[in-house]
1. Determine which single condition residue 263 fails, assuming it passes every other condition in (1) surrounded by fewer than 18 Cβ atoms within 10 Å (Cβ to Cβ); (2) over 30 Å from residue 22 (Cβ atoms); (3) modelled with pLDDT of 95 or more.
2. Considering each of 293, 287, 303, 281 in turn, give the residue that is touching a helix residue (DSSP H, G or I) at 6+ places or on another chain (Cβ under 7 Å) and modelled with pLDDT of 95 or more.
3. How many residues are within 24 Å of residue 307 (Cα to Cα) and in a helix (DSSP H, G or I) when one looks only at the stretch 125-146?
4. So, residue 315, is that one in the same structural domain as residue 328 (by TED's automatic domain parsing) and away from the ligand (no atom under 14 Å from the Cβ) or not?
5. Please determine, by comparing only the residues of the stretch 193-206 that are touching a residue at least 24 places away in the same chain (Cβ under 8 Å) and out of contact with any helix residue (DSSP H, G or I) (no Cβ under 8 Å at 6 or more places or on another chain), which one is nearest to the ligand (Cβ to nearest atom).
6. Could you tell me which residue of the stretch 168-185 is surrounded by the most Cβ atoms within 10 Å (Cβ to Cβ), considering only residues that are over 10 Å from the mean Cα position of the chain (by Cα) and farther than 20 Å from residue 82 by Cα?
7. Taking helices (runs of 4 or more DSSP H) that do not extend beyond the stretch 241-341, which have at least 2 residues that are touching a strand residue (DSSP E or B) at 6+ places or on another chain (Cβ under 7 Å)?
8. Only one of these is buried (at least 23 other Cβ atoms within 10 Å of the Cβ), in contact with a helix residue (DSSP H, G or I) (Cβ under 6 Å, 6 or more places away or on another chain) and either over 18 Å from residue 114 (Cα atoms) or assigned by TED's automatic domain parsing to the domain that holds residue 69 (or both): 160, 147. Name it.
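The values are calculated or read from the model by the stated rules, or taken from the named source; none is laboratory data. These numbers come from a predicted model, not from an experiment. So basically every Cβ, Gly included, is an ideal-geometry build from the backbone, and we count neighbours across all protein chains shown.
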Ligand code: PMP
């Protein structure tokens, strides 16, 4: 069938190649998955069942059920984030699409720190705007200079993602302040994707949105309480933007899933402390193991990813070798213009992580031995 030209703007071949290769493995050590390895908490399941039985199965208001929107507003108020309004979206991904649709005209440029979450670049291109990638190697830091060099007359939006997928980088106070000052001085809007906010391992979370005068915040419960299949997220920000994206939602998603909204309301009260402690231990296990084995790697401050340099310098070739050794990781060029690194997800059991490290140690030694 003849498809729209726009269709060619979405390229998922990189990640598909990995999944195709993975399908050939029987019982791989799978460190490629971008979601928590625990199931959604029982109390949330109970809440969902109650909501279904209570008949909460119909359309909700376009912007979401009022108690959830109130709860989201309170959440940001308590954290010193100045957002006028919010709306509930179908997953954080749904929120991202709505923001791009309502904010960007064709040709508008969007600053995206590279490495980046794949969807940013794909969606920005898909709607006819232009992703401008800001190279942050080798330390994955954003600086005023790096942002400045990528900015033009057409720059409309800067995307921040801390903790970040795929690097696990968390931005410092100074970085957040510098990015905010820079964007505000140039009239560039800033969208902060804070979906990994519960996974911060070293001290308090430095919230990018708390440093902005007029932030657009997107977040959700996919990562914190493992509700990836429930498609619940939100956008908080300036009133006119929230009204605009609610209009777009009215003629597209209609509303976020009703039962998921009822459940999300309860998810705000889940204590993430024990999960965070467990994931911190995993972060240390994998980071120390990689450093020990001689990998060039930055210790992540958050999320559940680590992004080492591939021995030999070719991320794709290295991942092919890893897969031949039954280890599943993702080549860096899925998330980047560079093909020098690879992503490991440490949302996996300690046993799996140790097994993965064993393979990585061997591969590192092989790469170091001249043949
Ligand atoms: N932002 C980032 C940085 C992510 O890594 C993901 C999921 N991989 C999302 C947004 C989308 O999450 P959701 O399931 O809520 O759509």
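1. Single failed check for residue 263: (1).
2. None of the others qualify; the one that does is 293.
3. The total comes to 3.
4. Taking the combined requirement at face value, the residue satisfies it.
5. Result: 196.
6. Residue satisfying both the conditions and the ranking: 169.
7. 273-292, 315-324
8. Exactly one of 160, 147 is buried (at least 23 other Cβ atoms within 10 Å of the Cβ), in contact with a helix residue (DSSP H, G or I) (Cβ under 6 Å, 6 or more places away or on another chain) and either over 18 Å from residue 114 (Cα atoms) or assigned by TED's automatic domain parsing to the domain that holds residue 69 (or both), namely 160.
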